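Here the structure comes first, spelled out in structure tokens, and everything after it is commentary.
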Amino acid sequence: MIRVRLQNVLYWGLAGALAATAGCSGSSNGGSTGGGGGGSTANVQAISVTTGPTAGPPLNSPYINGAFTSVTVCVPGSTTSCQTISGILVDTGSSGLRILSSALTSVSLPQQTAANGDAIVECLPFVDGITWGPVQTADMTIAGEKAKSLPIQVIGSSNFSTIPKACTNFGAPEDDLSTLGANGILGVGPAAQDCGTACTVSGPSNPGLYYVCPAAGCEVTTQSLSNQVVNPIVLFAADNNGVIIELPSVTGSEAGVSGSMIFGIGTQANNGLGNATVYTMDPSTGNFTTVFNNVTYSDAGFLDSGSNAIYFLDSNTQGMPPTCADATFWYCPTGTQNFSATNQGANGASGTIQFVVGNADTLTANETIGVANGLAGPNPGTFDWGLPFFFGRTVYTAIEGQSTPGGAGPYWAY
């Protein structure tokens, strides 16, 4: 089975409103030069685009275009009660670390509780489903960086097997390896928290992500910013203003490629902006504008490494290819088609993107394939620039409120 995209729902804290955002080695574009600092590589983590942890018995379900890495989690303050977990999906479209309960086999993390001692549990919606599980606390290490006392979500815990209907109304649970397609998600997007100010207030404006769960049943609660599942990068002692994803160019389909995730923007010699163009986001949506075929799609574009294809418009739009007969979430033109679009930041920056759309059935015909450039699918009215956008580029994600050489985040740059 080919994994459907993981599109994310980002609750943009600056607006306090719901905003849908949809889930190698190689040379860079010059972005890895020109920063300050001493040139340490302790801020570099390897990532691999492969068929993922589900590829092989008993599941035999390859992931296509998933960028995976590993993280180490420890009981807070401990250097011995730790576990390194691989198969973690790198996602610039969400914020926070989420790990399957089934993957946490040798460490028991402390539970976050409300003032009365009841457990705090989270429901995080994605476009294709939800993750449900308790909020626990860990010290997380990745490369040479450490996020201490990090609130994380543990997905699919048997201690909280009853999911409130208000949560499942968002979508079907993705609480195990076969449904999530990864052992966890490392959200390194532009938001500092996964909900922001919207979850700090009670009443109808609260989107209902956080629950307090006494024995009688779970109910929606408020959650302070400091207790929310937070983007781990903001808790690093340094290199805490953003992240860079570097992946090589890909032509057609390959078994896999390797690349790098570099923490910080302009904090060390290896993470300067170089000649990258900064595209700031609309403060209310967290998106930028994309122009396609002389039609302007205002605040409808975003960069999302957690989406495994470029998802944009639909077959009803003039010039778009048909969807696949057997997988209507992907396009299947008779031959590879060339497209171009122009991205525009809220700061007035503008740049044209050339990209291809291939036949998804052909690109994914072999189950050993983990990487496919040209994979695309419909997403009416929007431009979800998924992982194929990252191939052959150095892509920067600056976190909201953090200072960088390109100005304060949030922004994308490439």
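Calculate the dipole size of the chain relative to its Cα centre from +1 charges on Lys and Arg beta carbons and -1 charges on Asp and Glu beta carbons; express the result in debye to the nearest 20.
Working: 7 positive and 23 negative charges, 80 e Å.
In total the dipole reaches around 380 debye.
Among [x] 21.2; [y] 23.1; [z] 24.4, which one is Kirkwood radius over Cα pairs in Å computed from these coordinates?
[x]
With unit charges on the beta carbons (Lys and Arg positive, Asp and Glu negative) and the dipole taken about the Cα centre of the chain, which residue among 147, 271, 414 sits farthest to the positive side?
271
Once the piece of chain linking residue 296 and residue 225 is laid out straight, how much longer is it, given 0.36 nm per residue of separation minus the C-alpha distance between them? Walk me through the intermediate numbers first.
Working: separation 71, 0.36 × 71 = 25.56 nm, distance 3.50 nm.
Extending this stretch completely gives an extra 22.1 nm.
Compute the relative contact order of the range 235-371 as a whole-number percentage, counting only Cα pairs closer than 8 Å that sit 6 or more residues apart in sequence. Walk me through the numbers on the way to the answer.
Details: 206 pairs, mean separation 32.2, N = 137.
Result for the range 235-371 is 24 percent.
Counting only other residues whose beta carbon sits under 14 Å from that of residue 162, what net charge do I get with K and R as +1, D and E as -1? The partial results should precede the final answer.
Numbers: positive: 165; negative: 175, 219.
Charge balance near residue 162 sits at -1.
Could you give the size of the charge dipole of the range 271-413 about its Cα centre, using +1 on the Cβ of each K and R and -1 on the Cβ of each D and E, expressed in debye and rounded to the nearest 20? Provide the component values of the computation, followed by the final result.
Details: 1 positive and 9 negative charges, 73 e Å.
The calculated dipole for the range 271-413 is roughly 340 debye.
Can you give the net charge of the other residues whose Cβ lies under 13 Å from the Cβ of residue 221, counting K and R as +1 and D and E as -1? Present the calculation step by step, with values, prior to reporting the outcome.
Numbers: positive: none; negative: 118, 122, 219.
It works out to a net charge of -3.
Roughly how many nanometres apart are two label points built 7 Å out from the Cα toward the Cβ at residue 255 and residue 178?
2.8 nm
In the P(r) worked out for the range 59-145, what percent of Cα pairs fall beyond 19 Å?
Working: 1807 of 3741 pairs.
Cα-Cα pairs in the range 59-145 separated by more than 19 Å: 48 percent.
Using the charge dipole of the chain (Lys, Arg: +1 at Cβ; Asp, Glu: -1 at Cβ; taken about the Cα centre), state which of 261, 302, 54 has its Cα farthest towards the positive end.
Checked the options; the winner is 261.
Take peptides 171-179, 397-405, 372-380 and line them up by average Cβ neighbours within 10 Å, highest first, as a rough protection proxy. All intermediate terms of the calculation are to be shown ahead of the outcome.
Working: 171-179: 17.1, 397-405: 20.4, 372-380: 23.3.
Ranking the peptides 171-179, 397-405, 372-380 by packing returns 372-380, 397-405, 171-179.
Going by accessible area, probe 1.4 Å, with all protein chains left in place, what is the ranking of 146, 165, largest first? Mind showing how you got there, number by number?
Values: 146 80, 165 145 Å².
So, going from the largest accessible area down, we get 165, 146.
For residue 354 paired with residue 197, estimate the spin-label separation in nm (one decimal), with each label point 7 Å from Cα along the Cα-to-Cβ line.
In this crude label model, residue 354 to residue 197 measures out at 4.3 nm.
Can you order the peptides 241-247, 206-212 by their average number of other Cβ atoms within 10 Å per residue, highest first? List each step's numbers first, then the result.
Details: 241-247: 26.7, 206-212: 21.7.
Descending packing order for the listed peptides: 241-247, 206-212.
What does the helix-only formula give at 222 nm for the chain: each DSSP H stretch with n ≥ 4 adding -39500 (n - 2.57), the total divided by the residues, and the result rounded to the nearest 500 deg cm²/dmol?
Numbers: 4 runs with 16 residues, N = 414.
Calculated from helices alone, the mean residue ellipticity at 222 nm is -500 deg cm²/dmol.
What residue among 192, 375, 222 has its Cα farthest toward the positive end of the dipole of the chain, where the charges are +1 on Lys, Arg and -1 on Asp, Glu, each on the Cβ?
Selected residue: 192.
The values are calculated or read from the model by the stated rules, or taken from the named source; none is laboratory data. Note that this is a predicted model, so its numbers are computed, not measured. FYI the Cβ positions are ideal-geometry reconstructions off the backbone, even for glycines, and counts take in every protein chain you see. Note: accessible area is taken over every heavy atom of the protein model, side chains too, but ligands, DNA and RNA are not part of it. Shrake-Rupley method; radii C 1.70, N 1.55, O 1.52, S 1.80 Å.
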